[in-house]
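The values are calculated or read from the model by the stated rules, or taken from the named source; none is laboratory data. As the structure is a computational prediction, the values presented were derived from the model and not from experiment. Here Cβ is always computed from backbone atoms with ideal geometry, including for glycine, and neighbour counts include all displayed protein chains. With ligands, DNA and RNA removed, areas are computed over all heavy atoms of the protein, side chains included. Shrake-Rupley method; radii C 1.70, N 1.55, O 1.52, S 1.80 Å.
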Amino acid sequence: LVDRGLVPASAVAAAREESEPALPGVEAIAARLDGASGAALFVSACGVRNLAALDRLYGARTGDDVMRVVRAVVSALAADAAPGGLVARAKGPDVLLVHGAGGIAGAEALARHVAEVLSHVALPTGRGVVHLRPLVATVETDRSLPTDDLLRVLEDARSRALRAEDGVGRLTADEAAEALARMRGRETRLAWVSEALAAGRVDVHFQPVVD
C-alpha cells in the first residue's frame with residue numbers, strides 16, 4: 001500500500017502495533033455531532049463484508065488482525081483526506097468516521113477511496129493470503145437525528161453497501177429520515193400486534209401446507 005502511494009508509512013506502523021490506542025466511542029460521536037455547525041456532516045462505517053467468513057476459515061485472531069489493518073488505514077486516510085475528522089467505534093467491528101469531506105460528492109469520493117485502498121490489502125497468514133472485501137456505508141446527517149437513531153439508520157446504509165458490487169452505500173439526509181420513519185413504523189406495528197396477542201384480542205391461525 002505504501003509503495004503504491006495509497007497510504008503513508010505511518011499506517012503500516014500503526015497496523016503493526018500490538019497495543020494500539022483505544023478508539024473513542026459513542027459519546028465522542030455525539031459530542032462531535034452536537035458541537036458541529038454549518039455544513040452537513042457524514043458518518044461512515046468502514047469494515048469488511050467477509051469478516052465472518054474470515055473468522056470461520058482462519059480463526060478469530062486473523063479477524064482481529066484484519067480489523068487492526070482497517071483501523072490503521074481509515075485513521076491514516078482520515079488524517080490526509082478529512083482533517084479534523086473523528087475516527088471512533090460503536091457496537092460491532094466497524095470503524096466509524098465522522099467527517100465533513102466536501103459535501104455529498106466529497107463524502108462519496110472518500111468512501112470509494114477507503115474501499116479501494118482496503119481492496120488492495122493482502123494479509124499473509126499461516127494458511128494463505130487473506131484478501132479483503134471492503135464495506136463502507138455513509139449517512140448524511142443534518143444533526144437533527146439523535147446519535148442512537150443515526151447509528152440505527154447506518155445499518156440501513158450498510159445493507160445498501162452489502163448489495164452494492166463495490167461495497168459502498170450511502171443515504172442522504174432525506175433518505176436517512178425516511179429509513180428511520182420506516183423503522184419506527186415497523187416498531188409501532190410490532191408493538192400493536194404484541195399487545196393485541198397478550199390481551200387476547202386476536203387469534204393466530206396457521207394455514208396448513210398440503211402437498
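For the reader, a short list of remarks on this structure follows.
- Scanning segment 135-155 for residues that are at pLDDT 90 or above and either surrounded by fewer than 16 Cβ atoms within 10 Å (Cβ to Cβ) or not hydrophobic (A, V, I, L, M, F, W, C) (or both) yields a count of 1.
- Of the residues making up segment 97-111, those that are surrounded by 15 or more Cβ atoms within 10 Å (Cβ to Cβ) and either at pLDDT below 80 or touching a strand residue (DSSP E or B) at 6+ places or on another chain (Cβ under 8 Å) (or both) are Leu97, Val98, His99, Gly100, Ala101, Gly102, Ile104, Ala107, Glu108, Leu110, Ala111.
- Subset tally (residues that are open to solvent by less than 60 Å² (accessible area, probe 1.4 Å) and of a type outside the set (Asp, Glu)) for segment 169-193: 11
- Close pairs from segment 59-74: first more than 21 Å from Ala137 (Cα to Cα) and open to solvent by 10 Å² or more (accessible area, probe 1.4 Å), partner acidic (Asp, Glu) and not in a helix (DSSP H, G or I), Cβ under 8 Å, at least 6 apart: none
- Sole exception among (1) hydrophobic (A, V, I, L, M, F, W, C); (2) buried (at least 19 other Cβ atoms within 10 Å of the Cβ); (3) more than 17 Å from Leu23 (Cβ to Cβ); (4) free of Cβ contacts under 8 Å to residues at least 60 places away in the same chain for Val129, by number: (2)
- Checking Ala39 against (1) at pLDDT 85 or above; (2) not in a helix (DSSP H, G or I), the condition it does not meet: (1)
- For Asp166, the requirement of being touching a Ser or Thr at 6+ places or on another chain (Cβ under 9 Å) and open to solvent by 60 Å² or more (accessible area, probe 1.4 Å) is met.
- Looking across segment 177-211, the residues that are of a type outside the set (A, V, I, L, M, F, W, C) and farther than 30 Å from Asp142 by Cα come down to Ser194, Glu195, Gly200, Arg201, Asp203, His205, Gln207, Pro208, Asp211.
- Gly200 vs. criteria open to solvent by less than 70 Å² (accessible area, probe 1.4 Å), on the phi > 0 side of the Ramachandran plot and either more than 23 Å from the chain's Cα centre (by Cα) or charged (D, E, K, R) (or both): yes
- Selection of segment 75-96 for residues being within 16 Å of the chain's Cα centre (by Cα) and open to solvent by 40 Å² or more (accessible area, probe 1.4 Å) yields Ser75, Arg89, Lys91, Gly92, Pro93.
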